[in-house]
1. Could you grab me the full set of residues in the range 1-13 that are more than 13 Å from the ligand (Cβ to nearest atom) and open to solvent by 30 Å² or more (accessible area, probe 1.4 Å)?
2. So for the range 119-134 (the condition being over 25 Å from residue 187 (Cα atoms), crowded, with 17+ Cβ neighbours inside 10 Å and out of contact with any Cys (no Cβ under 7 Å at 6 or more places or on another chain)), does at least one residue qualify?
3. Determine whether the range 135-149 contains at least one residue that is within 16 Å of the ligand (Cβ to nearest atom) and either open to solvent by 70 Å² or more (accessible area, probe 1.4 Å) or free of Cβ contacts under 8 Å to residues at least 12 places away in the same chain (or both).
4. Pairs under 8 Å by beta carbon, first residue modelled with pLDDT under 95 in the range 1-23, partner not β-branched (Val, Ile, Thr), six or more apart or different chains?
5. Can you name every residue in the range 11-30 that is more than 24 Å from residue 161 (Cα to Cα) and assigned to a loop (DSSP other than H, G, I, E, B)?
6. Would you mention how many residues in the range 103-122 are in contact with a Gly (Cβ under 6 Å, 6 or more places away or on another chain) and either farther than 13 Å from residue 65 by Cα or not in a loop (DSSP other than H, G, I, E, B) (or both)?
7. Looking for whichever is within 17 Å of residue 8 (Cα to Cα) and free of Cβ contacts under 8 Å to residues at least 12 places away in the same chain here; the options are 44, 57. Which one fits?
8. Applying the selection to the range 45-97, what residues are polar (S, T, N, Q) and under 18 Å from residue 230 (Cβ atoms)?
Amino acid sequence: MRTPLIAGNWKMNGSAELLEAFGRLFADAQLPTPLEIVLHPPFPYLEAASRSLASTPIKLGAQTLNPLHSGAHTGEVSGRMLKEFGVSYVLIGHSERRQLYRERDEDVYDRLLAALSVGLQPILCVGETLEERDAGRTMEVVLRQVSRAMAPLEPQQRTQLAIAYEPVWAIGTGRTATPEQAQAVMAGIRDYQAGYNSELAQQLRLLYGGSMNASNAAELLAQPDIDGGLVGGASLKAEDFYAICQSAG
Ligand SMILES: O=C[C@H](O)COP(=O)(O)O
């Protein structure tokens, strides 16, 4: 039995006021069990989030990290610092990091190792562009991203992470993958993992991301290989995110 995981990624959005709204709404939440919920606000909000969300079941997540522990890297934040501020999860290899900030597969792997080395739980993000899907290359691209990031990991390390499948064409576009499209890719990722170790493959949590909202979450989450969601736009309204969490029961 895999515990569902719903993660909200605020990207470069949000406010202290929104954090307080989450704190109020989720403090009295009647949520399905088992369920893990994580919120990934921008770095400056993490400390305020740890206060605002203290009475809620929501855990703290970061959106990226630098692979080094410390040093002369102006503007960067290390995993060790995140851990010190009570962060549990970190997104690695989000398509916006890959596309806008030129993170390559090897950078993704370095970040994955850095997160694991300080006890952060990584959510590895993978997904194909529309061009790649139209060319019939979806599984090739997704499995390349998964294998380059994970192949060098020890079996024990593989149990520490979740994978978010986010078709790039569905992110922020309002165009969601159909449950069948998402399920097909998730099943492919799980089969690929089973090639290493079938028991670990069954434990691996796979999240869907890409225009998930309160209306489509239940159908996506009902798919056998979809264990949760990575939610962008719909995590910017506490009520919408709450409704998605309710769908994970
Ligand atoms: O990290 C979240 C994903 O990029 C999905 O974003 P979205 O729900 O706004 O499409």
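The values are calculated or read from the model by the stated rules, or taken from the named source; none is laboratory data. The model shown is predicted, which means the values in this text are computed figures rather than measured ones. All Cβ positions, glycine included, derive from the backbone under ideal geometry; neighbour counts span all protein chains shown. Surface accessibility is based on the protein's heavy atoms, side chains included, excluding ligands, DNA and RNA. Shrake-Rupley method; radii C 1.70, N 1.55, O 1.52, S 1.80 Å.
1. Answer for the range 1-13, where residues must be more than 13 Å from the ligand (Cβ to nearest atom) and open to solvent by 30 Å² or more (accessible area, probe 1.4 Å): 1, 2, 3.
2. Step one: filter the range 119-134 for residues over 25 Å from residue 187 (Cα atoms), giving 119-120.
Among the residues that remain, those that are also crowded, with 17+ Cβ neighbours inside 10 Å are: 120.
This time we only want the ones that are out of contact with any Cys (no Cβ under 7 Å at 6 or more places or on another chain), so: 120.
Yes, the range 119-134 has at least one match.
3. Looking through the range 135-149, none of the residues is within 16 Å of the ligand (Cβ to nearest atom) and either open to solvent by 70 Å² or more (accessible area, probe 1.4 Å) or free of Cβ contacts under 8 Å to residues at least 12 places away in the same chain (or both).
4. Short answer, once both residue conditions are applied: 1/34.
5. Residues satisfying the conditions are 13, 14, 15, 28, 29, 30.
6. 3
7. Working: 57 fails: free of Cβ contacts under 8 Å to residues at least 12 places away in the same chain.
Unique residue meeting the criteria: 44.
8. Those that are polar (S, T, N, Q) and under 18 Å from residue 230 (Cβ atoms): 63, 64, 88, 95.
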